[in-house]
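The values are calculated or read from the model by the stated rules, or taken from the named source; none is laboratory data. Everything numeric here is computed off the predicted structure, so don't read it as measured data. All Cβ positions, glycine included, derive from the backbone under ideal geometry; neighbour counts span all protein chains shown.
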Amino acid sequence: MRRFDLATPHDVDDCLKLLAERGETKLVAGGTDLLPQMKNGLIRPARVIDLSGVPEVHVLAPDDGRGFRVGAAVTARQLERDPRIQSAYRSLAESGALVGSIQVRNLATVGGNICNAAPSADMAPPLVALDAEAVIAGPRGRRRVPMAAFFTGVRRTVLAPEELLLEFSVPAPGPHSGSCYLRHTPRRELDIAVVGVASQVTLANSVCTKARICLAAVAPTPVRATAAEQALEGQRLTPELIEQAATLAIEAAKPISDQRGSVEFRRHLVRVLTRRTLTTALARASA
Amino acid sequence: MAKQILSFTVNDEPVDVLVQPYVTLLDALREDLELTGPKEGCGTGDCGACTVHLDGKPVASCLMLAMQARGHAVRTIEGLGAIGALHPLQDAFVRLGVPQCGFCIPGVLMAAAAVIAETKHPTEEDIRYGIAGNLCRCTGYTKMVAAISEAAAQR
């Protein structure tokens, strides 16, 4: 690796002061995306700021009954195994379980997965579908950005260079809610999504009061399938209606052809995975 | 760029070592502490040959900066068992003749140690999932799974 200076701040204010200084700086949490990019010379920061000593970004706790606080430096493995996440935010636990291997998941963080902003990032669709907000600290205080508006392009986000992503504020989905994240990969482990889909539904008296569907790896950023969501809300979720929504979800996908899949294959996967995740989310909401 | 003092625990011993801020934990273990059990296969977290335990959890030491281990407890294959007092996994690997070239084995054993520590009666599926992050190109996985299964049952 190219040489760099390493700063090890102890709190958010220290970290913001370091970010405000000049020079090419990179934040490191788990390092599983950053270190390979530094090793092959793709990025050459003069200084790296290590977040492992900043307690605030490691929080994983209920948010006074409103939902859950998921710190940016919470690892994929923590989300995979935390019983509270598994029960109320199942899609998030499922996406955490799909990132890399166990050795990688014990390092890789949810904030890193999101800030790296790959179109295929597994933890992005569940956070978008859960209506989560990113809590961001900057020189002028804190701001909250809905996850649906966080990504601005391939590897681009709303974060300014002097800002720090602190945590995700994930609202409680409420009773009779269910979620599911699935992706397609040629191999079972250690692969990157050809397409990923997160679905989230809430029921009241067997009628769908809220539906969220978010697609990954079919556009420069994760995208919501809003037409499909609208087709479900206010209705009883039958297999026929779910099939109809799955077909509508294809409209939201603007995929490219690459070595992982063609445009046609990706559109097909959007339909199949939307149907499967909605079916599972519905079963979980009804359970 | 001055070296920094890395204070941590390695195989139950407190250690202070001067490291450059840009070296990985794997390089610090191998080059500075002469613990050459963990190997660099790919350097990108895909092969698992560099697997060590950080506070009991398996991690890819090639993807961590050495300084990120400050204050933590690291265990390498050198600290899993001892000469004359092998860990049950090591014992099973020897008895069943698992290793061929041996390059991946330290990483496999550390991943397997985490499996049997976290799961009381691991199924074949649990074991295969637990070592999915470890690539072996000569021994194959069948004997590994058998040995891990046997070691887990003997506890």
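Number of residues in the stretch B:81-113 that are over 19 Å from B:Cys50 (Cβ atoms), buried (at least 21 other Cβ atoms within 10 Å of the Cβ) and without any contact (Cβ under 8 Å) to a residue 40 or more places away in the chain equals 0. Only one residue in B:His53, B:His87, B:His72 is modelled with pLDDT of 95 or more and more than 14 Å from chain A (Cβ to nearest Cβ), so which one is that? Just one listed residue meets the conditions, B:His87.
Counting residues in the stretch B:76-90 that are small (Gly, Ala, Ser), out of contact with any Lys or Arg (no Cβ under 9 Å at 6 or more places or on another chain), within 19 Å of A:Val28 (Cα to Cα) and not in a loop (DSSP other than H, G, I, E, B) gives zero. Could you tell me whether A:Glu163 is outside the structural domain of A:Ser87 (by TED's automatic domain parsing) and in contact (Cβ under 8 Å) with a residue 40 or more places away in the chain? For A:Glu163, the condition - outside the structural domain of A:Ser87 (by TED's automatic domain parsing) and in contact (Cβ under 8 Å) with a residue 40 or more places away in the chain - is not met.
Yes/no per residue for (1) in contact with a helix residue (DSSP H, G or I) (Cβ under 8 Å, 6 or more places away or on another chain); (2) within 12 Å of chain B (Cβ to nearest Cβ); (3) under 21 Å from A:Ala129 (Cβ atoms):
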residue	(1), (2), (3)
A:Gly31	yes, yes, no
A:Gln37	no, yes, no
A:Pro45	yes, yes, no
A:Pro55	no, no, no
A:His58	no, no, no
A:Pro62	yes, no, yes
A:Val74	yes, no, yes
A:Asp82	yes, no, yes
A:Leu92	yes, no, yes
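The strands (runs of 3 or more DSSP E) falling completely within the stretch A:22-87 include none with 3 or more residues that are free of Cβ contacts under 8 Å to residues at least 12 places away in the same chain. No other residue among A:Ser169, A:Ser199, A:Ser206 is surrounded by fewer than 13 Cβ atoms within 10 Å (Cβ to Cβ) and either at pLDDT below 95 or under 14 Å from the mean Cα position of the chain (by Cα) (or both) apart from A:Ser206. Could you run through the stretch A:241-287 and say how many residues are surrounded by fewer than 22 Cβ atoms within 10 Å (Cβ to Cβ), under 15 Å from A:Ala217 (Cα atoms) and of a type in the set (D, E, K, R)? The number of residues fulfilling the criteria is 7. Screening the candidates B:Ala66, B:Ala82 for the property of being more than 9 Å from every other protein chain (Cβ to nearest Cβ) and modelled with pLDDT under 95 yields one hit, B:Ala82.
Screening A:Cys15 against (1) more than 9 Å from every other protein chain (Cβ to nearest Cβ); (2) of a type outside the set (Lys, Arg); (3) within 16 Å of A:Cys115 (Cβ to Cβ); (4) free of Cβ contacts under 8 Å to residues at least 24 places away in the same chain leaves a single unmet condition, (4). Scanning the stretch A:99-128 for residues that are assigned to a loop (DSSP other than H, G, I, E, B), hydrophobic (A, V, I, L, M, F, W, C) and buried (at least 23 other Cβ atoms within 10 Å of the Cβ) turns up A:Val99, A:Leu107, A:Ala108, A:Ala121, A:Met123. For the stretch B:36-48: of the residues being over 20 Å from B:His72 (Cα atoms) and more than 10 Å from chain A (Cβ to nearest Cβ), which is surrounded by the fewest Cβ atoms within 10 Å (Cβ to Cβ)? For the stretch B:36-48, the residue satisfying everything is B:Glu40.
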